[in-house]
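Okay, so here's the structure we're looking at.
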Amino acid sequence: MANLTYLSLDDPVDASVTVINANFAALNTDLDGKAAASHTHSASDIVSGVIAAARLGTGTPSVSTFLRGDGQWAAVSWADVAGKPSTFPPATHTHNAGDITSGVIAVARLGSGSPSSTNFLRGDGQWATVSWADVAGKPTTFTPSAHTHPPSDIQQAGASTGQALVWNGSQWAPGTISGANSPTPLTAVSSSTTLASNTRYRVTANNLTL
């Protein structure tokens, strides 16, 4: 701040002018390079610091508002976005398995080949049938569980009409029962008759002599 000399009404005029000039000179020196109270700056004059968002426009600057070209802080609506695509193809990206938290993955997405009720997913990512050779640790013999069979399951190969299953000493096989137990048809008898050997009869009347 310049040091100014005070004048007295009793000072000579010439001396007063000299003092006044000296005071103006001192003031000019102090004011040299100072900006006027009302002045402007070029944007290029801002070379450091950060301008507060509130100084950039009206409205309320926040994490969800943006400065519009009309100097207003406002949210950007979908309608404000120009040239947006009508569809959005997914960009190449990956997901951690932990990101899948709901829904069911289509079996076609799990591997190559044709998934079906008879195919299973192998460790190489291939849907394929499981062959007998693929089964590890299988037993060499299989004890049958308790079960039954209908008569139609008995194979007729090697049998002929009139034969029955006969135990031949080592296994059951088709054979003929001989003698009195032969499974021949019954002969109906309605009157007195002389009986023949190895024949079965069905008596159909009373008081017969055989």
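Among the residues of region 180-198, those identified as surrounded by 10 or more Cβ atoms within 10 Å (Cβ to Cβ), in a loop (DSSP other than H, G, I, E, B) and modelled with pLDDT under 90 are SER182, PRO183, THR184, ASN198. Quick one: would you say ALA26 is within 28 Å of ASP80 (Cβ to Cβ) and either of a type in the set (A, V, I, L, M, F, W, C) or open to solvent by 100 Å² or more (accessible area, probe 1.4 Å) (or both)? For ALA26, the condition - within 28 Å of ASP80 (Cβ to Cβ) and either of a type in the set (A, V, I, L, M, F, W, C) or open to solvent by 100 Å² or more (accessible area, probe 1.4 Å) (or both) - is not met. Determine whether region 148-162 contains at least one residue that is part of a loop (DSSP other than H, G, I, E, B) and more than 30 Å from LEU186 (Cα to Cα). There is at least one residue in region 148-162 that is part of a loop (DSSP other than H, G, I, E, B) and more than 30 Å from LEU186 (Cα to Cα). Could you list, ordered by first residue, the pairs with Cβ atoms under 8 Å in which the first is in region 46-71 and open to solvent by 90 Å² or more (accessible area, probe 1.4 Å) and the second is modelled with pLDDT of 90 or more, at least 6 apart or interchain? Pairs that qualify, where the first residue is open to solvent by 90 Å² or more (accessible area, probe 1.4 Å) and the partner is modelled with pLDDT of 90 or more, are THR60/TRP73; PHE66/TRP73; PHE66/ALA74; PHE66/ALA75; PHE66/VAL76; ARG68/GLY57; ARG68/ALA74. Residues in region 130-167 that are surrounded by 10 or more Cβ atoms within 10 Å (Cβ to Cβ) and among the polar types (S, T, N, Q): GLN163 only. Of the residues making up region 104-129, those that are open to solvent by less than 70 Å² (accessible area, probe 1.4 Å) and part of a helix (DSSP H, G or I) number 1.
Residue-wise test of (1) aliphatic (A, V, I, L, M); (2) touching a Lys or Arg at 6+ places or on another chain (Cβ under 9 Å).
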residue	(1), (2)
GLY57	no, yes
SER62	no, no
LEU67	yes, no
SER77	no, no
HIS95	no, no
VAL104	yes, no
PRO115	no, no
LEU121	yes, no
ALA136	yes, no
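For region 199-209, a residue qualifies if it is modelled with pLDDT of 90 or more and part of a loop (DSSP other than H, G, I, E, B), and the qualifying residues are THR204, ALA205, ASN206, ASN207, LEU208, THR209. Quick check on PRO85: is it part of a loop (DSSP other than H, G, I, E, B) and in contact with a strand residue (DSSP E or B) (Cβ under 8 Å, 6 or more places away or on another chain)? In short, no.
The values are calculated or read from the model by the stated rules, or taken from the named source; none is laboratory data. Since this is a predicted model, take the numbers as computed values, not measurements. All Cβ positions, glycine included, derive from the backbone under ideal geometry; neighbour counts span all protein chains shown. In case anyone asks, the SASA skips ligands and DNA or RNA and just uses the protein heavy atoms, side chains included. Shrake-Rupley method; radii C 1.70, N 1.55, O 1.52, S 1.80 Å.
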